[in-house]
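Reviewing the structure listed below.
Every number in this text was worked out from the coordinates using simple rules, so none of it is lab data. These figures come from a predicted structure and were not determined experimentally. Note that we place each Cβ from the backbone using ideal geometry, even for glycine, and neighbour counts take in every protein chain shown.
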Amino acid sequence: MDHEIIRINENSWRIEDGGVRMFLLTGSERALLIDSGMNIRDAKDIAQGLTSLPLSLLNTHADIDHIGSNGQFDEFYMHPADEPQYRGSGGTGKLIPVGDGDVIDLGNREIRVIHIPGHTPGSIALLDVGGRVLISGDTVQEHGRIFMFGGRRDMDAYIKSLDRLEGMNDLFGEIWPSHADMPVSPNVIPKLRAGALDILAGRIVGKPGEMRGRRFTVYDLGFCVIFGEASVGEASLGEASVGEG
């Protein structure tokens, strides 16, 4: 088996797919698959093996490690700011736009959309209102790697999004990220914000890194790593696609 299914509680599962995870949430009437994987191409079949409820797909953003099984769905939820990236990666299907404050009601379970640009223009987090859980996509991680280099990344917007999430932390007691540790404490949000500010201020010295023809700078925050723009003398080698993060 090339994936692992872990039941979180009676109406939530995580599906681990080689470094990235998806979530399946169910209510009394509907089921929602959050992201569709990186290596697998049958996330819909996996989800339907766990629930008989009508199933919808929502993407936290359009990086290719989150859209691997999108082709199984005729339509999907996504913030429209990420559609150009999605289509540029060959993504198919009808995009149902979601934006900040939208609520997806699964039946006695409301999932609220929070727009958190920075990692990508259309990155979103999802608040399980009754469960007091934040599903953070790639924006919030602990002991993971956050990709913040390339034309679609925006460190200033990322910091503002973290600031906003910090101001909402009375609404959730834990965070379920797409990568690395799971779950994590809301206390990681101000630590990420402080680290991002230190990077912009030059208070953290980075080291050069490279992946798939792209050079970047690796900033180690101690509890997490941010891949930022290449420093002077580490200019980009080209616009090759980065597959993870």
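Give the angle, between 0 and 90 degrees and rounded to the nearest 10, that separates the Cα long axis of helix 155-167 from the longest principal axis of the Cα atoms of the chain.
The angle comes out near 50 degrees.
Using Cα positions and a limit of under 14 Å, work out the aspartates and glutamates in reach of Lys191, with same-chain residues fewer than 8 apart set aside.
Straight-distance partners of Lys191: Glu142, Asp163, Glu166, Asp220.
Could you list the GluC sites (Glu not before Pro) in the stretch 1-53 that lie in coil according to DSSP, counting only those with at most 11 other Cβ atoms within 10 Å of their Cβ?
Values: sites: Glu4, Glu10, Glu16, Glu29; in loops: Glu10, Glu29.
Loop-located and lightly packed - Glu10.
Take every DSSP beta bridge whose two residues both sit in the chain, then give the antiparallel share in percent to the nearest 5. It would help to have the intermediate numbers written out before the result.
Values: 35 of 51 bridges.
Percentage antiparallel, nearest 5: 70.
Dipole of the chain (Lys/Arg Cβ +1, Asp/Glu Cβ -1, origin at the Cα centre): which of Gly150, Ile135, Pro117 lies farthest to the positive side?
Gly150
Give the lysines reachable from Lys44 as a straight Cα distance under 21 Å; neighbours fewer than 8 places away on the same chain don't count.
By straight Cα distance, Lys44 reaches Lys94.
Looking at the chain as a GNM with Cα springs under 10 Å, which of Ser36, Ser123, Ser52 has the largest mean-square fluctuation?
Greatest mean-square fluctuation among the candidates belongs to Ser52.
Mean separation of Cα pairs under 8 Å and 6+ residues apart, divided by the residue count of the stretch 4-191: what relative contact order is that in percent? Intermediate values should be presented prior to the final figure.
Details: 428 pairs, mean separation 28.1, N = 188.
Computed over the stretch 4-191, the figure is 15 percent.
Return the calculated 222 nm mean residue ellipticity for the chain, to the nearest 500 deg cm²/dmol, obtained by summing -39500 (n - 2.57) across DSSP H runs with n ≥ 4 and dividing by the residue count. Could the numbers behind the result be given before it?
Numbers: 4 runs with 39 residues, N = 245.
Rounded to the nearest 500, it is -4500 deg cm²/dmol.
What ranking do Trp13, Trp176 get, fewest neighbouring Cβ atoms within 10 angstrom at the top?
Values: Trp13 21, Trp176 24.
Ascending Cβ contact count within 10 Å gives the list Trp13, Trp176.
Tell me the angle of helix 188-201 to the major Cα principal axis of the chain, expressed in degrees between 0 and 90 and rounded to the nearest ten.
30
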